[in-house]
1. Cα gyration tensor of segment 52-172, axes a ≥ b ≥ c as square roots of the eigenvalues: rounded (a/c below 1.5), prolate (a/b > b/c) or oblate?
2. Just need log10 I(q)/I(0) for segment 115-230 at q = 0.12, 0.14, 0.21 Å⁻¹, Debye formula, equal scatterers on the alpha-carbon atoms, no solvent, rounded to two decimals.
3. Given the options His22, His42, His13, state which has the largest fluctuation in a GNM of the chain using a 10 Å cut-off (strictly under) for Cα springs.
4. Please express the shape of segment 58-117 as an equivalent ellipsoid: the semi-axes are the square roots of 5 times the eigenvalues of the C-alpha gyration tensor, given largest first in whole angstrom.
5. Hand me the tally of lysine pairs in the chain: alpha carbons under 22 angstrom apart, and the pair either on different chains or 8 or more positions apart.
6. Counting each DSSP H run of 4 or more residues in the chain as -39500 (n - 2.57), what helix-only mean residue ellipticity at 222 nm follows after dividing by all residues, to the nearest 500 deg cm²/dmol?
7. May I ask you to work out the translational diffusion coefficient for segment 24-79 at 20 °C, viscosity 1.002 mPa s, via Stokes-Einstein with Rh from the Kirkwood sum over Cα pairs, reported in whole µm²/s?
8. List every DSSP H helix in the chain whose Cα atoms extend 24 Å or more along the helix's own long axis and whose mean Kyte-Doolittle hydropathy is at least -0.5.
Amino acid sequence: MDILLLLQLVIAHITGDFLLQHKYWIEDRRKKHYNSGYLYLHAGIVALLTLVLTGTDRWFIVLIIFVTHILIDLWKSYRLDTSIYFIIDQFLHFLVIAVCWWFSFYTFGTLKEAWVSFISDKDALLLFMCFILITWPASITIAQLTKKWRDRIDKSEDLSDAGKWIGMIERILIVVLVLRGQYTAIGFLVAAKGFIRFKEEEMSPVKAEYLLIGTLLSFSFAILTGLILMV
C-alpha cells in the first residue's frame with residue numbers, strides 16, 4: 001500500500017487545520033454556522049493543500065476532503081467548545097482520510113467485485129450489523145432503559161450529548177478488544193471509565209445511579225456483541 005499518499009493526506013490536514021486556521025475563523029463559524037465564509041475558505045485551503053501534495057490525478061479525493069471538511073466543521077459549529085467534541089471532530093477528519101486512502105487502491109471494477117463479495121459474505125454482514133447496532137441503536141436503547149433516572153436528574157446536573165459519543169466509541173473499542181481476546185485491556189477500560197465518571201464527590205445519588213446503570217448497560221451491550229461475533 002502507498003504509505004506516501006497517506007502521509008500526504010495527513011500533512012495536508014494538519015497544516016490546514018492547525019497551522020493555517022485562525023481562531024477568528026472558528027469563532028465566526030460558531031456564530032454564523034453555514035453562513036460563515038470562513039467555513040468554506042478553511043475547507044478550500046485544506047483541499048488545495050491536498051491537491052498540491054497529491055496531484056491532479058487524485059481530484060476525487062480532493063473533492064471528498066473538501067465536502068466532508070465542510071460538513072464536519074459545520075456539525076462541530078453547533079456543538080459546545082469542549083475537548084470531547086474536538087476529539088470527535090479530529091476523529092471524523094482522520095476517518096475520512098483513512099477511507100480515501102484505503103479506497104484509492106481500488107478501481108470501479110474491483111470495488112464492484114468487493115461489494116458483491118461483501119453482501120454475499122454472512123460473516124462480513126454479521127460484523128457490519130453488530131457494529132451498527134452498538135452505535136446509535138444501542139445509545140437509543142440505553143437512553144430508553146435509563147429514562148426513569150434521567151428524568152429525575154436536576155437539569156443543572158444533566159449530561160451533554162457528548163456522553164452518547166463516548167458510549168459509542170467505548171462500545172466499539174470493547175467489541176474490538178473482545179474479538180482480539182484482550183480481556184485485561186477491557187478491565188482497564190472499565191476501571192478508567194469508572195474513575196472518570198464517579199470521581200465527583202458532590203454527585204447526587206440519582207445521577208450516580210443513572211451513570212452506573214448506563215455504564216453497565218453500555219459495557220454489557222458491547223461484551224455480548226463481541227461474544228456473539230466469536231461464536
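The numbers here are math on the coordinates, done by the rules we state, and not lab data. None of the values given here were measured: they were computed from a predicted structure.
1. Taking the square roots of the gyration eigenvalues as a ≥ b ≥ c, segment 52-172 is oblate.
2. -0.48, -0.62, -1.17
3. The residue with the greatest mean-square fluctuation here is His22.
4. The answer is 29, 12, 9 Å, longest axis first.
5. Number of lysine pairs found: 21.
6. Helix contribution divided over all residues of the chain: -25000 deg cm²/dmol.
7. In µm²/s, the coefficient rounds to 187.
8. Qualifying helices: 37-54, 59-77, 83-103, 162-179, 205-230.
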